[in-house]
Amino acid sequence: MKNLIVLHTTEGHSIESAIHTMNRNRSQCHEVVDPSRPVTEMLTPWTQPARSLTHPPSTPETNNRGFTATTRHLGKVYQIEVVGFAREVAGYSAKWYQRLARYLAIRCTLLDVPRRFPYQFQGEDAYGVNGVARIGWDEWATVAGIVGHQIVPGNRHWDPGPLNRIIPLVIREKPMDGKETPVAAMQRRLVARGHDLGTSGPNGDGVDGDFGELSLRAGIQESIKAERFDVAIDGLTAIANGLQDAEPD
């Protein structure tokens, strides 16, 4: 597995403000996650390159790495914005970190990204094109796993800051052994029955492991077609409660 997740911080308090800023600047990531709520929002399908990285002229691909014919062998770069501030992440709550770790572990499985951290996350000394965390272009071509924006060559930002508390939490998350989450398995069945769940997920078919509005509507429609209204109510309630109960205290 050569794929890569690049983590950013939104430098704001909400998903809504982050989306507004990225749309204005045409710098959309793939997905934004707010571990404090927890909520996710997709901006770019996983099958297309994001735009959150700087790509200096006449340099190797950054956003497009793995998405072009000449770079496909290098592995894809997936970009995730985490709601928060690089200067504050070291002090966020244990629950915030546990939610983010669970999210990242699931994304690693769905996106075929190795669950490892090739570099420690650095603080403000990582700022600038020559920051302490910045790697060279040759190293960028082979890196895989989960990294921060601060390592990407040709870029200046130092986000997501000293996020090192996340490393053991992601590694300790129960392995999924390549199996889909229960929600993703349900979504795949719904897609097979002709439901449109959008374009999120690694295959661009809406199977992303997140029980959102489209999945909810499709599940209700299937239950109504089967005339099992009791199952629809009980089943959807159980799923919602199960997702809520799965969050650590």
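The values are calculated or read from the model by the stated rules, or taken from the named source; none is laboratory data. Because the structure is a prediction, the values reported are computed rather than measured. For neighbour counting, all protein chains shown are included, and Cβ atoms are generated from backbone atoms with ideal geometry for every residue, glycine included. Each accessible area value is taken on the protein alone, full model and side chains, heavy atoms only, with ligands, DNA and RNA left out. Shrake-Rupley method; radii C 1.70, N 1.55, O 1.52, S 1.80 Å.
Remarks
- Subset of region 102-143 that is surrounded by fewer than 19 Cβ atoms within 10 Å (Cβ to Cβ) and polar (S, T, N, Q) - its residue that is farthest from Ile5 (Cα to Cα): Asn130
- Residue match in region 213-225 (condition: in a loop (DSSP other than H, G, I, E, B), at pLDDT 80 or above and open to solvent by 50 Å² or more (accessible area, probe 1.4 Å)): no
- Qualifying position, being modelled with pLDDT of 90 or more, surrounded by fewer than 19 Cβ atoms within 10 Å (Cβ to Cβ), touching a strand residue (DSSP E or B) at 6+ places or on another chain (Cβ under 9 Å) and of a type outside the set (Gly, Ala, Ser), among Ile151, Ile167, Ile146: Ile167
- Single residue of Glu81, Glu88 found to be among the acidic types (Asp, Glu) and either out of contact with any Asp or Glu (no Cβ under 9 Å at 6 or more places or on another chain) or surrounded by fewer than 16 Cβ atoms within 10 Å (Cβ to Cβ) (or both): Glu88
- Some residue of region 56-73 being modelled with pLDDT under 95, in contact with a Gly (Cβ under 9 Å, 6 or more places away or on another chain) and over 20 Å from Ser36 (Cβ atoms): yes
- Residue check, Thr21 open to solvent by less than 60 Å² (accessible area, probe 1.4 Å) and free of Cβ contacts under 8 Å to residues at least 24 places away in the same chain: yes
- Checked against (1) farther than 24 Å from Val170 by Cβ; (2) open to solvent by 50 Å² or more (accessible area, probe 1.4 Å); (3) in contact with a helix residue (DSSP H, G or I) (Cβ under 7 Å, 6 or more places away or on another chain), Ser58 passes all but condition (3).
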